């Protein structure tokens with residue numbers, strides 16, 4: 001309990017300090033709008049005891065869409081601690097207390113899944129983020145899983161690739177697969193039965209799950225970057241989705257086998 005109180009207080013203090021700085025950075029269009037979130041989430045990971053190991057790196061491309069699996073709310077801090085990425089999130093997240101504010105301050109793109117006819121507008125917004133130099137992360141499963149497997153990828157939002165090509169057919173556009181694998185807890189391999197300690201999915205309540213992480217910490221996660229694919233006009237969206245899913249499955253399975 002003491003650890004929970006100390007870590008919680010430290011996170012609250014850092015959050016209260018950096019929120020107005022990030023808000024001001026966004027209002028004034030300052031470069032710090034990208035660096036503040038990276039620093040913030042690195043501090044969060046350190047305070048929570050989340051040890052991040054990266055295999056590979058994000059592609060150096062003018063426009064980059066990163067397609068990943070999704071295991072936990074922790075994924076957000078893990079990925080931003082490595083690179084100034086923005087996320088595609090469901091519309092409900094924007095209304096969550098505090099978490100919604102943090103998502104908006106990180107310039108997330110929100111998707112209303114009940115309004116399929118707005119998919120094209122969302123794709124254009126994603127394309128605009130990439131054109132502005134922001135690597136965009138898409139959790140292609142459409143939900144979070146239990147961390148033991150990768151769920152089927154959805155191809156609809158990868159249509160952002162088409163929207164980006166329509167804006168600039170000559171500029172470089174890459175899609176890169178990314179795997180998130182939680183592999184250790186308290187210095188020991190994180191087996192199938194214990195992975196839900198970290199994974200947040202289904203009907204799990206957020207606050208108890210968050211409190212458990214803050215109280216215990218000592219989580220190991222491996223982020224594996226796959227080979228980026230340069231996209232050209234006419235690329236088959238469904239074939240691309242299948243290839244990305246296959247690679248993320250391979251990378252995830254490899255890291256989970258490494259740690260038992």
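The values are calculated or read from the model by the stated rules, or taken from the named source; none is laboratory data. Being a predicted model, the structure only gives us computed values, none of them experimental. Don't worry about glycine lacking a Cβ; one is built from the backbone with ideal geometry, like all the others, and counts go over all protein chains shown.
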Taking the stretch 146-177 only, how many residues are surrounded by fewer than 24 Cβ atoms within 10 Å (Cβ to Cβ) and in a strand (DSSP E or B)? 2
Is it the case that some residue within the stretch 14-24 is under 17 Å from the mean Cα position of the chain (by Cα) and within 21 Å of residue 132 (Cβ to Cβ)? no
Inspect all residues belonging to the stretch 184-191 and state whether any of them is assigned to a loop (DSSP other than H, G, I, E, B), over 17 Å from the mean Cα position of the chain (by Cα) and surrounded by 23 or more Cβ atoms within 10 Å (Cβ to Cβ). yes
Do the conditions hold for residue 243, that is, is it modelled with pLDDT of 90 or more and more than 19 Å from the chain's Cα centre (by Cα)? yes
Which is touching a strand residue (DSSP E or B) at 6+ places or on another chain (Cβ under 7 Å) and either in contact (Cβ under 8 Å) with a residue 60 or more places away in the chain or surrounded by fewer than 21 Cβ atoms within 10 Å (Cβ to Cβ) (or both), of 68, 62, 121? 68
Counting only residues in the stretch 219-232 that are at pLDDT 85 or above and in a loop (DSSP other than H, G, I, E, B), the one surrounded by the most Cβ atoms within 10 Å (Cβ to Cβ) is identified as 226
Would you check which residues across the stretch 94-111 are in a helix (DSSP H, G or I), surrounded by 17 or more Cβ atoms within 10 Å (Cβ to Cβ) and touching a strand residue (DSSP E or B) at 6+ places or on another chain (Cβ under 7 Å) and list them? 103
Reported set for the stretch 233-260 where residues are part of a loop (DSSP other than H, G, I, E, B) and either crowded, with 21+ Cβ neighbours inside 10 Å or touching a residue at least 24 places away in the same chain (Cβ under 8 Å) (or both) is 233, 235, 259, 260
